[in-house]
1. On full extension of the chain, what length is gained from ARG94 through ASP82, given 0.36 nm per residue of separation minus the C-alpha to C-alpha distance?
2. Quick one: length gained pulling MET32 to SER62 fully straight, 0.36 nm per residue minus the C-alpha distance?
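Taken together, the values in this text are just the output of simple stated rules run on the coordinates, not laboratory data. Bear in mind the structure is a predicted one, so any value in this text is a computation, not a measurement.
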Amino acid sequence: MGENGAKKKNKIFITLCSKKKYISLLTKEEKMETGKVKFYNREKRYGFVTGDDGTDYFFHESMLAEGQQVRDEDRVEFNATDGDRGKQATDISRID
């Protein structure tokens, strides 16, 4: 109970880290996309993934899943989102 006997509501706060990492939540019905790293510039920290559907998705290094590194031609799975400037890949993980 809060002040004046009112019930408190539980609130969930999500804090984005200073690197502006984005958080994606998947429901069980949603599935990850798969594709191949088309281009990745390690120095500039961005690249593109070509999905198995033929669509190109932009990504920034901060969109890689924790501990992941990628190179050109790596097979990956990712979440596809619509960003301010077009399609983006998030939560990118290398697959074998």
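1. Details: separation 12, 0.36 × 12 = 4.32 nm, distance 2.12 nm.
That pair, ARG94 and ASP82, stretches by 2.2 nm at full extension.
2. Values: separation 30, 0.36 × 30 = 10.80 nm, distance 1.79 nm.
So the extension gain works out to 9.0 nm.
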